[in-house]
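Report on the following structure.
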Amino acid sequence: MSEVGAILDKYQRDSSQLVSILQDVQEEYSWLPKEALTQVSKGLRIPLSRVFSVATFFKAFSLVPKGRHTVTICMGTACHVRGSLHILDRARQLFNIEPGGTTSDLKFSLESVNCLGCCALGPIMVVDGEYHGRVTTSDVGKILESCD
Amino acid sequence: MPRVNSRAELEKLRKEIQEKRDPNKPCISVSSGTCGRAFGSERVYTAFEEEIERQGLESEIAIKKTGCLGFCERGTLVVIYPEEIFYTRVQPEDAPKVIQSVKERKVVDRLLYTDPVTGKKITYEPEIPFYKAQQRIISEANRWMDPRNIEDYVAIGGYSALSKAIFEMTPEEVLEEIKRANLRGRGGGGFPTGRKWETTKKSLGEPKYVIVNCDEGDPGAYMDRSLMEGNPHSVLEGLIIGAYTIGAHEGYVYIRNEYPLAVENLRIAVNQAEEHGLLGGNILGSGFDFRVRISRGGGAFVCGESSALMASLEGRPGEPRAKYVHAAERGLWDRPTNLNNVETWANVPQIILKGADWYRGMGTDGSKGTKIFSLVGKVNNTGLVEVPMGITLREIIYDIGGGIRDNKKFKAVQTGGPSGGFMPESLLDLRVDFDEISKVGSMMGSGGMIVMDEGTCMVDMARYFLSFLEGESCGKCIPCREGVKRMRQILTGITEGRGKEEDIELLERLSMYMAEASLCALGRTAPNPVLTSLRYFRDEYEAHIKEKRCPAKVCKELISYHIIDEKCPGCGLCVKNCPVEAITFMGKKKPVILDQSKCIKCGICFDVCKLSAIDVR
């Protein structure tokens, strides 16, 4: 995993930059493989337990592989009052997985997020970085159809 | 771009930029914040760009991408300068028509905003009621600027507050001005900013740090995102002035990773400020050094709490610590640290430039200046609104927000995020002020203002906030970790029809213990949504518990969907959309039949039915 080495160098192997380093590692592999965490621990000269405690504390990190498409549903207050729970339920049902999970064919990962700050357009669903506003339960299937 | 090495050089640069620009040259400005992009503003911008190129009009018509204009609801927004003609819901196909109208100095009627109250079309931006009742001193500049071009910020007077502070004032004088302005922290607590600065300044220990808290975690609030995306230089300018005052040479911006555009625009702004000598070593040739690092959050709500944020900056899990020693004395790396919210920092340049007396002219006795709110939920005009402190909730919701959607009845407004509370109709004439809002059991918070109508269930909302906090409690202290969980379980029971009469008393007792014994504000304020909903909407709890009924028809376990036979023409749309085949088609012109045993209450049939032939009981 030479990419990890490059990321560590980018942050001058400074252990206070652990969160940023793990973010970059996750961007590289779309999750945090065990070997990468070991390499970060060795490279920064800090215990693996500390790397692990940070990696499990923050919601943004995943210790399991992610699907090809990430579907994120906003659960912020403004989206909630406009029925985001129905949207999440629909996605759950379509994928047959819970938020945080990935379908067995590694096609979709389902995420719920606390607030994306697009509160005026709720409910919000994001597919691979593209924002969809004012989504209804019947839209969910239609939006996902375009993912190959 | 060469470095700016003195105050005179900054003014010279400003003059050059201004002279280069023709104020009468038409400019098409496309609002391109995250909201705008969700509406497709990128495609709209490209369409304009291509059309201008196709017609060879590059020298006659300018085009610009700005940050968020606040009226997110109506995106994509396009403003034509210098006239300030305001177009809403613009699509890429509209580009040729709009460009034609700019050439002929005409207006495209079809794209104008229609006032829902009078039914009249409004041509110019400042005349729209949504903007008219606002007082935009912090968010106004978003309109004029491409946030990725420092020249735009300099052209409207950017960094002149910094040069005034450094060259005309001593750090003590700057501090005095901020104290006299009585600026209070916009992140929610409302702590006097000047006092915080003073404590950090006087604390022993070097180096000192200054931090921008852009970990805007409150669900339903997004003013910090909008400022960081649309005008990052104003936040940086405030931060540099603060660093100069306190005597810090290193600063951090802690920003949510869920805001990718804000991170990107901030990075560009920091680079440009460094290139221009406004950040880094020997700022403006004054001998003052100050460097900024950007740190992205990892998606933990508790990191908005200052001690948790600093732990995260040090590369540790974002757990708060007990605050018997303030961060101003021992914060980041145990050094004196001053942390303020994005909006607080953005207020600083304005106060320095226009003076504390000007600032004190706005607001109430205890709360000066303006506050940006994100007015969202079941209100007609949703978006970001900046209003003077002291305005009433009614003015915000009805005059600016245009009242409740779909002619429904107002039920409550929620402020302060999960730490705040609900305010019922009887409090609509309450004045927006840090102290007044606290008195009624809520808090100002970072500025989320979520409007709820009769279709919102208050027990469900209380459950929502507790379940949010259950996921976000860091688990370090027991009152919060266990208390939040138990409260959420009790509330879930009530919403699912398993509530017992003694539950209400138990909730109140748990609330008392958590407020007393939790380590940080997350746990201490967690009971607020429960306490305020119990205080103002106890009847809804009672309906759920005693009658097993959800008056707002929200709680799934307590409702059922029914076909209204007289209204159903048997079109079959719901049959086609039902994910579990619970609805059976009985032939044309015959009402469909819904099988309650199969129904999962997903609400799709209710959504798709065009004839309101589905009833919720």
Using θ = phi - 60° and Karplus 6.51 cos²θ - 1.76 cosθ + 1.60, couplings along the stretch B:181-190 (whole Hz; Gly, Pro as x) | 5, 6, 5, 10, x, 7, x, x, x, x
Please express the shape of the stretch A:69-145 as an equivalent ellipsoid: the semi-axes are the square roots of 5 times the eigenvalues of the C-alpha gyration tensor, given largest first in whole angstrom.
-> 19, 12, 11
Per 5 angstrom bin, beginning at 0 and ending with the bin that holds the maximum distance, the Cα pairs of the stretch A:8-148 fall in percents of 2, 10, 19, 18, 15, 12, 11, 7, 5, 1, 0
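Compute the whole-percent fraction of alpha carbon pairs in the stretch B:76-219 spaced more than 21 Å apart.
Numbers: 6708 of 10296 pairs.
For the stretch B:76-219, the share of Cα pairs beyond 21 Å comes to 65 percent.
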Proximal aspartates and glutamates to B:K371, defined as alpha-carbon separation beneath 13 angstrom and excluding residues fewer than eight positions away on the same chain = B:E140, B:D224, B:E343, B:E386, B:D433
Take the Cα pairs of the stretch B:189-297, get the Kirkwood Rh, then feed it into Stokes-Einstein at 4 °C and 1.567 mPa s and tell me D in µm²/s.
-> 89 µm²/s
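Stick to Cα atoms and the Kirkwood definition of Rh, then tell me Rg/Rh for the stretch B:420-463.
On the way: Rg = 10.9 Å, Rh = 11.4 Å.
The Rg/Rh ratio comes out at 0.96.
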Could you give me the ³J(HN,Hα) list for the stretch A:91-107, computed from phi with Karplus coefficients 6.51, -1.76, 1.60 and θ = phi - 60°, whole Hz, x at Gly and Pro?
-> 5, 3, 5, 5, 8, 6, 9, 8, x, x, x, 10, 5, 5, 7, 6, 8
Between B:V117 and A:L94, what is the label-to-label distance in nm when each label sits 7 Å out along the Cα-to-Cβ direction?
-> 4.0 nm
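Could you work out the relative contact order of chain B? I mean the mean sequence separation of Cα pairs under 8 Å and 6+ apart, divided by the number of residues, in percent.
Values: 1267 pairs, mean separation 70.6, N = 617.
Reported as a whole number, the value is 11 percent.
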log10 I(q)/I(0) for the stretch B:87-151, Debye formula on C-alpha points only (no solvent), q = 0.23, 0.25 Å⁻¹, two decimals, reads -1.10, -1.11
Cα-based Rg then Dmax for the stretch B:139-254, in Å, read 14.8, 42
Projected label distance in nm at B:K553 and B:Q135, using a 7 Å step from Cα toward the beta-carbon | 4.3 nm
Within 10 Å of each Cβ of A:53-63, how many other protein chain Cβ atoms are there on average?
-> 5
At q = 0.06, 0.08 Å⁻¹, what is the base-10 log of I(q)/I(0) for chain B according to the Debye formula with one equal point scatterer per Cα and no solvent? Please give it to two decimals.
-> -0.36, -0.64
Express as a percent, rounded to the nearest 5, the fraction of DSSP beta bridges in chain B (both residues included) that run antiparallel.
-> 60 percent
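Could you tell me which GluC sites (Glu not before Pro) in the stretch B:55-128 are loop residues by DSSP with no more than 16 other beta carbons within 10 angstrom of their beta carbon? Please list the in-between numbers first.
Values: sites: B:E58, B:E60, B:E73, B:E83, B:E84, B:E93, B:E104, B:E127; in loops: B:E58, B:E60, B:E83, B:E84, B:E104.
Those satisfying the criteria are B:E58, B:E60, B:E83, B:E84, B:E104.
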Using θ = phi - 60° and the Karplus curve 6.51 cos²θ - 1.76 cosθ + 1.60, what whole-Hz ³J(HN,Hα) does each residue of the stretch B:587-594 get, with Gly and Pro shown as x?
-> x, 4, 6, 10, x, 6, 10, 9
Taking every alpha carbon pair in the stretch B:14-150 and sorting the distances into 5 angstrom bins from 0 up to the bin holding the longest one, the percent per bin comes out as 2, 10, 20, 24, 22, 14, 6, 2, 0, 0
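Within the P(r) computed for the stretch B:129-168, what percentage of the Cα pairs occupies the region above 15 Å? All intermediate terms of the calculation are to be shown ahead of the outcome.
On the way: 412 of 780 pairs.
For the stretch B:129-168, the share of Cα pairs beyond 15 Å comes to 53 percent.
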Given B:K103/B:K610; B:K556/B:K590; B:K408/B:K556; B:K368/B:K408; A:K34/B:K556; B:K323/B:K354, the pairs whose alpha carbons are separated by over 32 Å = B:K103/B:K610; B:K368/B:K408; A:K34/B:K556; B:K323/B:K354
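What number, in nm² with one decimal, is the all-direction average of the projected area of the convex hull of the alpha-carbon atoms of the stretch A:2-57? Kindly include the intermediate steps, with their values, before the conclusion.
On the way: hull surface 12.8 nm².
The number I arrive at for the stretch A:2-57 is 3.2 nm².
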Which three lengths, in whole Å and largest first, does the stretch B:542-582 cover when its Cα atoms are put on their principal axes?
-> 40, 24, 13
5 angstrom amide H check on B:I63, placed H, neighbours 5+ away = B:I28
What area, in nm² and to one decimal, does the C-alpha convex hull of the stretch B:410-557 cast on average over all directions?
-> 8.1 nm²
Sorted by Cβ density within 10 Å, fewest first, the residues B:Y541, B:Y222, B:Y324, B:Y87 | B:Y324, B:Y541, B:Y87, B:Y222
Along its principal axes, what span do the Cα atoms of the stretch B:22-80 show, with the longest given first and each in whole Å?
-> 32, 24, 13
For the stretch B:370-453, what relative contact order do you get, as a whole percent, if you take Cα pairs closer than 8 Å and at least 6 residues apart?
-> 37 percent
So, in nm, how far is label B:L506 from label B:Q55 when the simple model puts each one 7 Å beyond its Cα toward the Cβ?
-> 6.9 nm
Taking only the alpha carbons of the stretch B:178-231, what extent do you get along each of the three principal axes, in Å, biggest first?
-> 38, 26, 21
Under 5 Å, built H, 5+ apart or other chain: amide partners of A:F108 | A:R68, A:H69, A:T103
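For chain A, calculate the relative contact order in percent as a whole number, restricting contacts to Cα pairs under 8 Å that are 6 or more residues apart.
Details: 214 pairs, mean separation 29.2, N = 148.
Value for chain A: 20 percent.
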Note: the stretch B:560-616, point scatterers on Cα, Debye, no solvent; log10 I/I(0) at q = 0.18, 0.29 Å⁻¹ equals -0.47, -1.38
Going down the list B:K25/B:K179; A:K142/B:K120; A:K142/B:K588; B:K548/B:K598, which pairs span over 31 Å between their C-alpha atoms?
-> B:K25/B:K179; A:K142/B:K120
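How large is the direction-averaged shadow of the alpha-carbon convex hull of the stretch B:150-359, in nm²?
Working: hull surface 42.8 nm².
Value for the stretch B:150-359: 10.7 nm².
Return the Rg/Rh ratio of the protein assembly as shown with Cα-based radii and a Kirkwood Rh. The partial results should precede the final answer.
On the way: Rg = 26.4 Å, Rh = 27.4 Å.
For the protein assembly as shown, the value is 0.96.
Please find the FRET efficiency linking B:D109 to B:N24, where r is the Cβ-Cβ separation and R0 is fixed at 25 Å, and quote it to the nearest 0.05. Don't skip to the end; give the middle numbers.
Details: r = 24 Å, r/R0 = 0.94.
With a Förster radius of 25 Å, E is 0.60.
Coordinate-derived values only; no laboratory data. Since the model is a prediction, treat every value here as computed from it, not as a measurement. Counting neighbours? That spans all protein chains shown, and the Cβs are built from the backbone with ideal geometry, glycine included.
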